[in-house]
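The values are calculated or read from the model by the stated rules, or taken from the named source; none is laboratory data. Quantities reported herein were computed from a predicted structural model and do not represent experimental measurements. Every residue, glycine as well, gets a Cβ built from its backbone with ideal geometry; the counts of neighbours run over all protein chains shown.
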There are 4 protein chains.
Amino acid sequence: MTATIDRTTDGVYIIAATPFAEDGSLDIASTDRMVDFYLETGVSGMTILGIMGEAPKMAADEAQRFARHVLDRVAGRVPVVVGVSAAGLDNMARLAKTVMDAGAGGVMVAPQPGMATEAKLRAYMAQVCDALGDTPICFQDYPQTTGVQVSVETILGLARDHDQVVMLKHEDWPGLTKLSRVRAETGTADVPRLSILTGNSALFLPQEMQRGADGAMTGFAYPEMLVQVVARHKAGDVDGAEDLFDAYLPLVRYEQQLGLGLAIRKEVLRRRGVLASATVRAPGPAMTSRDHEELTRLVARLEKRLEELA
Amino acid sequence: MTATIDRTTDGVYIIAATPFAEDGSLDIASTDRMVDFYLETGVSGMTILGIMGEAPKMAADEAQRFARHVLDRVAGRVPVVVGVSAAGLDNMARLAKTVMDAGAGGVMVAPQPGMATEAKLRAYMAQVCDALGDTPICFQDYPQTTGVQVSVETILGLARDHDQVVMLKHEDWPGLTKLSRVRAETGTADVPRLSILTGNSALFLPQEMQRGADGAMTGFAYPEMLVQVVARHKAGDVDGAEDLFDAYLPLVRYEQQLGLGLAIRKEVLRRRGVLASATVRAPGPAMTSRDHEELTRLVARLEKRLEELA
Amino acid sequence: MTATIDRTTDGVYIIAATPFAEDGSLDIASTDRMVDFYLETGVSGMTILGIMGEAPKMAADEAQRFARHVLDRVAGRVPVVVGVSAAGLDNMARLAKTVMDAGAGGVMVAPQPGMATEAKLRAYMAQVCDALGDTPICFQDYPQTTGVQVSVETILGLARDHDQVVMLKHEDWPGLTKLSRVRAETGTADVPRLSILTGNSALFLPQEMQRGADGAMTGFAYPEMLVQVVARHKAGDVDGAEDLFDAYLPLVRYEQQLGLGLAIRKEVLRRRGVLASATVRAPGPAMTSRDHEELTRLVARLEKRLEELA
Amino acid sequence: MTATIDRTTDGVYIIAATPFAEDGSLDIASTDRMVDFYLETGVSGMTILGIMGEAPKMAADEAQRFARHVLDRVAGRVPVVVGVSAAGLDNMARLAKTVMDAGAGGVMVAPQPGMATEAKLRAYMAQVCDALGDTPICFQDYPQTTGVQVSVETILGLARDHDQVVMLKHEDWPGLTKLSRVRAETGTADVPRLSILTGNSALFLPQEMQRGADGAMTGFAYPEMLVQVVARHKAGDVDGAEDLFDAYLPLVRYEQQLGLGLAIRKEVLRRRGVLASATVRAPGPAMTSRDHEELTRLVARLEKRLEELA
């Protein structure tokens, strides 16, 4: 049975790394360990082949093989969202069909560069929805990477005009007021509810939850923190949530370094025994020995701080 | 008496250079010659302190002195539009008041970088209109330079919501379909007419006139061509207009080189006896000796071609 | 036998469209006609799967099938350059190997976005050369699209440090002085010669030839003009070359509209009987009926002008 | 007596806000309070009219009046650095002379947009140094805002070629490895030492100090934290420094929101009794009531955490 996303989806959707062996080939054993690890931390879903991942560096058949393997391992226990952003609609529709047939719970689509007016973006998303049929879509609002600014009005329009657009991945920055507005102006008589999961490496997760986000979709290498912060907010323990978050904040900030963050994230997963190798495909970022020492120090400080809190 | 722009303004508004002496100081004698030269070519108006000019390199009092001098010399014979785009509304309002008091016929405003959604841009233009009172405004749509994409819908909104916004300087690129749409969707029951003058160094002037532009606002160093091409279109001699334009096209294209074009334009005006010096303020582009030879060749070819056409 | 590019390559390398049927599928019959048409116009080479083409909208196996078909049809009569720019080196190397094995004459590589300092770009190109082995490389300098500014010093460095980098596709803009400098500072005691073919839709082709370019690599829908302009320059008939070019300049300019230009180019090829359909894959530009009329008018004016010149 | 910056300058150079009254006019009384407040926190210097401040929204004479007032109030107790970045060298040189004559300790210069190759940037900085004479210069490396990427090699070149370039304001991001390299490769036999002060709202201040930065140049509204973190690092109390920093990190992160951060910073200074009004000049960011509540909560949490640490 397939679990899918909808307008009420909540919790933590962890953005999964793509594990590679030292020689750069797909590492299936690490993939299995990683899926199990994520599920054990209590995530509500998983996102693969995301925009900041290494999907563009994989061969098309390799990406499909990876997606199928993850979907098999997850086996419907949680929804898996697959990034399908592509220059052409044909390629997007083909990948979407393949992964939905294989059990994905939805797809994620970001605007293509150049969709730089509201009118163009709305026309594009209408084409996308037409091409994808009734596949549930998470719309990714990520101007820092796409170069496309999206107004609240356009987001409301997408929610209203397209049954398939059920989720917003919120990562405009600064974006807290935008989040408040989308929360207040959806789920009304005019505009249906949107599930809102937040990104930006979780740098503002407590503020986002307090403003009505349904959860997070990001790839922090300690998913258990994300899970607990979201859960505590839902349970009304706002201060407890924020205390825990603040303990991890030095590392959240460290992992949020654009580009380099991916290498750091993989290295943390390696140190935690999840990945066999922290390899990033070329061309890509690499940690220096100084970065490694710094990470060691930050992790040690985190562990000390968690003890204080316990 | 002051001549002002309005929703029916047409003809050629030449974008004036700012003449500097070899030592970089303002050259008033050349300014007088330049104003007389432009008026003799038959332009319908003049634009000074434009976005691609050297206004940002002038001291504030120097820019005001230059504006006042041009306005005195023109003496109300044609409207003079003054570029007032600025980071802050206070500075914009102050300059606008100064030049309107001195006899300017309107001001030109481009979106500030960062007004990158329709909602933000509309809010910004409402602030601008509020700050400028009833000063007639030419809205400059120039995404290549401002980084702000403006939809047809937003342009219609500006025309409808603000009495002061009477003119569109059209220089989106490619922008012919946008021009056709603005022409068709203004001057209707819902949206008042907009004067549309086109920029982009006149590279598409015949096509733009044939699609309903009211004229051109650009700085080509042979204003007499722009004047005749616009006049012939209005007189119905479309082929004659385009024949003349095509003769100049090699030079139009040459002058359209972003950045360097300003140096070429000043050099042509120098060669034509208008400016004493082609000096551009630092940091700025400079022609190489190879560029000078190339320009000489292109001008000689133009003269030969004009003889063939005569 | 395979024809390959090297440091002395000259002439016109036409950038080939990818022909699609009305339903968006690859049109093999039109591909054959197009290859024959290009060869009949006298081009010296062909470039496929280029950065501004529709390669990113094709499935990986479809792109390979298209490349193989073109290579078979050309059958070694002229070198075929294949665009292999990709986010990951693995994908780039795989495609390069496939097409070189199938008889390609070289590959074209543009910097990836983000290689935004000389140091990063040089390191990246070293990785590329390492991954591609001894495949001849055309380096594409196209900042308007890649966002990567490349200095003359870096181009000289690439020519000197990598035997494989044999050709520069020059399309910086404005770029005439850069072209003069690369020509003067290569083929010296320190830096080996580079073949320089120019792009930018040929808007400055005569000036570029007069400054020492070896030819053009662009996709204008009248390749016979490009061939003759290059040939006349080589034969010393500079004025004759420029006369012919200027006759086509209104259309060159019209086809140079970024994005829309591809639709215009395909439509001209359709009207000339080369392509069965002008279909561009979604999302993509489309000509309005006004654009069609405008094109008709411009083509009629071209034909009239060519008669005058004859 | 004037205090000036040099290659060994260290400590915290606080980036000063420009205080405005509710009606937007310059607030001199608040300016005095602010200068006194900054000096009491123990800062080693002050920076005014910075790139992210509101200098572009001030009239030229207003900016000079503000600078003179701050310089008078500081009265040589610490060096004051003045931002002089400008589109034209004339305006830059004029402002630099005015403020140096009035007792400034140096000026700060960022690359102008468009200086987008190393060669262009080096040529530009040579022009700048020529125009500014022997004024000590802090070079601001801030690609997110200027769009100009600067390599380590270019920074070393500036340090070596220009006696005046004595300080680097480091705010490339991610930029920790760059900082390590500049530290290691200056102060050598070939390249003189550079003072390195870091920006980016202090988000990585402990890591930067541990990698050899000399201090910070940023505008966090709790300068006493910056002062102590720098002092503790210099005293060898690295853990104590980082413990204190981490307590403030939730607020550091909150103030680092691009654009909005300025409004937050002014509001904190208002709440602390320093500014009479948090007014930001139009067009500018404004805090919502939700933002105000959020800030209140974050400040309360900070105070609680500081008590725990005490």
Study note, to complete from the structure: Of (1) over 16 Å from the mean Cα position of the chain (by Cα); (2) more than 14 Å from chain A (Cβ to nearest Cβ); (3) modelled with pLDDT of 95 or more, D:HIS170 satisfies every one except (1)
**Study point:** Hey, B:GLU293 of a type outside the set (Gly, Ala, Ser), within 18 Å of C:GLN207 (Cα to Cα), assigned to a helix (DSSP H, G or I) and out of contact with any Lys or Arg (no Cβ under 6 Å at 6 or more places or on another chain) or not
**Key:** yes
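This table checks each residue for (1) buried (at least 21 other Cβ atoms within 10 Å of the Cβ); (2) over 30 Å from B:TRP173 (Cβ atoms).
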site: A:GLY50; (1), (2): yes, yes
site: A:MET58; (1), (2): yes, yes
site: A:VAL70; (1), (2): yes, yes
site: A:ARG77; (1), (2): no, yes
site: A:VAL80; (1), (2): yes, yes
site: A:GLU118; (1), (2): yes, no
site: A:ALA123; (1), (2): no, no
site: A:LEU132; (1), (2): yes, yes
**Study point:** Those residues of the stretch B:179-204 which are of a type in the set (A, V, I, L, M) and within 13 Å of the chain's Cα centre (by Cα), in sequence order
**Key:** B:ILE196, B:LEU197, B:ALA202
Check your understanding: Does the stretch A:17-35 include one or more residues that are crowded, with 17+ Cβ neighbours inside 10 Å, hydrophobic (A, V, I, L, M, F, W, C) and under 13 Å from the mean Cα position of the chain (by Cα)?
Key -> yes
**Study point:** Residue count for the stretch D:158-184, restricted to those that are touching a residue at least 40 places away in the same chain (Cβ under 8 Å) and either in a helix (DSSP H, G or I) or over 19 Å from D:THR8 (Cα atoms) (or both)
**Key:** 0
Check your understanding: Would a scan of the stretch C:230-252 turn up a residue that is more than 30 Å from C:LEU179 (Cα to Cα), under 22 Å from the mean Cα position of the chain (by Cα) and buried (at least 23 other Cβ atoms within 10 Å of the Cβ)?
Key -> no
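Within the stretch C:181-212, work out how many residues are among the small types (Gly, Ala, Ser) and closer than 24 Å to C:VAL43 by Cα.
Kept after step one, since they are among the small types (Gly, Ala, Ser), are these residues of the stretch C:181-212: C:184, C:187, C:189, C:195, C:199, C:201-202, C:212.
Filter once more, keeping what is closer than 24 Å to C:VAL43 by Cα: C:195, C:199, C:201-202, C:212.
Residues flagged as among the small types (Gly, Ala, Ser) and closer than 24 Å to C:VAL43 by Cα within the stretch C:181-212 amount to 5.
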Check your understanding: For B:ALA93, are the conditions met, namely being surrounded by fewer than 23 Cβ atoms within 10 Å (Cβ to Cβ), within 22 Å of D:ALA55 (Cα to Cα) and small (Gly, Ala, Ser)?
Key -> yes
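Might you check whether a residue that is in contact (Cβ under 8 Å) with a residue 60 or more places away in the chain and assigned to a loop (DSSP other than H, G, I, E, B) occurs anywhere in the stretch D:31-41?
yes
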Study note, to complete from the structure: Counting only residues that are in contact (Cβ under 8 Å) with a residue 24 or more places away in the chain and either of a type in the set (Gly, Ala, Ser) or out of contact with any Lys or Arg (no Cβ under 9 Å at 6 or more places or on another chain) (or both), the stretch A:185-203 contains a total of 6
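Restricting to the stretch A:5-16, give me the number of residues that are of a type in the set (S, T, N, Q) and crowded, with 17+ Cβ neighbours inside 10 Å. Give the derivation first.
The initial filter retains those residues of the stretch A:5-16 that are of a type in the set (S, T, N, Q), namely A:8-9.
Next cut, crowded, with 17+ Cβ neighbours inside 10 Å only: A:9.
Residues in the stretch A:5-16 being of a type in the set (S, T, N, Q) and crowded, with 17+ Cβ neighbours inside 10 Å: 1 in total.
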Check your understanding: If you scan the stretch B:123-140, which residues turn out to be in contact with a Gly (Cβ under 8 Å, 6 or more places away or on another chain) and more than 10 Å from B:VAL109 (Cβ to Cβ)?
Key -> B:PRO136
Revision key, fill the gap. Here the residues within the stretch B:111-134 that are within 20 Å of D:MET58 (Cβ to Cβ) and among the aliphatic types (A, V, I, L, M) are B:VAL128, B:ALA131, B:LEU132
Study note, to complete from the structure: Checked pairs for the stretch C:275-302, first within 22 Å of C:GLU54 (Cα to Cα), second among the polar types (S, T, N, Q) and in a loop (DSSP other than H, G, I, E, B), C-beta under 9 Å and 6 or more apart or across chains, list as C:ARG281/C:THR18; C:PRO283/A:GLN112; C:PRO285/C:GLN257
Revision key, fill the gap. Expected output for the stretch C:113-135 (first residue touching a residue at least 24 places away in the same chain (Cβ under 8 Å), partner part of a helix (DSSP H, G or I) and of a type in the set (Asp, Glu), Cβ below 6 Å, 6+ apart or cross-chain) is C:GLU118/D:GLU118
Exercise for review: Could you list, in sequence order, all residues of the stretch C:133-149 that are facing another protein chain (nearest Cβ under 10 Å) and either modelled with pLDDT of 95 or more or in contact with a Cys (Cβ under 7 Å, 6 or more places away or on another chain) (or both)?
Suggested key: none
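Let's see how each residue does on (1) polar (S, T, N, Q); (2) more than 14 Å from chain D (Cβ to nearest Cβ); (3) part of a helix (DSSP H, G or I):
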position	(1), (2), (3)
B:GLY103	no, yes, no
B:ALA119	no, no, yes
B:ALA131	no, no, yes
B:GLU153	no, yes, yes
B:LEU156	no, yes, yes
Check your understanding: Which members of the stretch C:45-77 meet the condition of being assigned to a helix (DSSP H, G or I), within 24 Å of A:PRO283 (Cβ to Cβ) and within 14 Å of chain A (Cβ to nearest Cβ)?
Key -> C:ALA55, C:PRO56, C:LYS57, C:ALA60, C:ALA63, C:GLN64
Practice item. Answer yes if at least one residue in the stretch C:78-97 is in contact (Cβ under 8 Å) with a residue 24 or more places away in the chain, assigned to a helix (DSSP H, G or I), closer than 17 Å to A:LYS57 by Cα and more than 13 Å from chain A (Cβ to nearest Cβ), and no otherwise. Key: yes
Exercise for review: Write out, first by first residue and then by second, each pair whose Cβ atoms fall under 6 Å of each other, whose residues are 6+ apart or on separate chains, and whose first residue, in the stretch C:257-272, is touching a residue at least 24 places away in the same chain (Cβ under 8 Å) while the second is in a helix (DSSP H, G or I).
Suggested key: C:GLY261/C:GLU255; C:ILE264/C:GLU255; C:ARG265/C:GLU255
Practice item. Read through the list (1) at pLDDT 95 or above; (2) among the hydrophobic types (A, V, I, L, M, F, W, C); (3) farther than 30 Å from A:THR188 by Cα, then give the number of the only condition that A:MET52 fails. Key: (1)
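For the structure I just gave you, tell me whether B:ASP291 is within 9 Å of chain C (Cβ to nearest Cβ) and either within 15 Å of the chain's Cα centre (by Cα) or over 19 Å from B:PHE37 (Cβ atoms) (or both). Steps first, answer last, please.
Working: within 9 Å of chain C (Cβ to nearest Cβ): yes; either within 15 Å of the chain's Cα centre (by Cα) or over 19 Å from B:PHE37 (Cβ atoms) (or both): yes.
It is true that B:ASP291 is within 9 Å of chain C (Cβ to nearest Cβ) and either within 15 Å of the chain's Cα centre (by Cα) or over 19 Å from B:PHE37 (Cβ atoms) (or both).
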Check your understanding: Are there any pairs with C-beta distances below 8 angstrom linking a residue in the stretch C:241-256 that is over 15 Å from B:PRO174 (Cα atoms) to a residue that is part of a helix (DSSP H, G or I) and at pLDDT below 95, with the two at least 6 apart or on different chains, and if so which?
Key -> C:ASP243/C:LEU309; C:LEU244/C:LEU309; C:ALA247/C:LEU309
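Say we look at the stretch A:273-288 and pick out the residues that are of a type in the set (Gly, Ala, Ser) and at negative phi; which of these is farthest from the other protein chains (Cβ to nearest Cβ)?
Restricting to residues being of a type in the set (Gly, Ala, Ser) and at negative phi, the top hit is A:ALA276.
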Exercise for review: Would you check if there is a residue in the stretch D:13-23 being within 14 Å of chain B (Cβ to nearest Cβ) and touching a Leu at 6+ places or on another chain (Cβ under 8 Å)?
Suggested key: yes
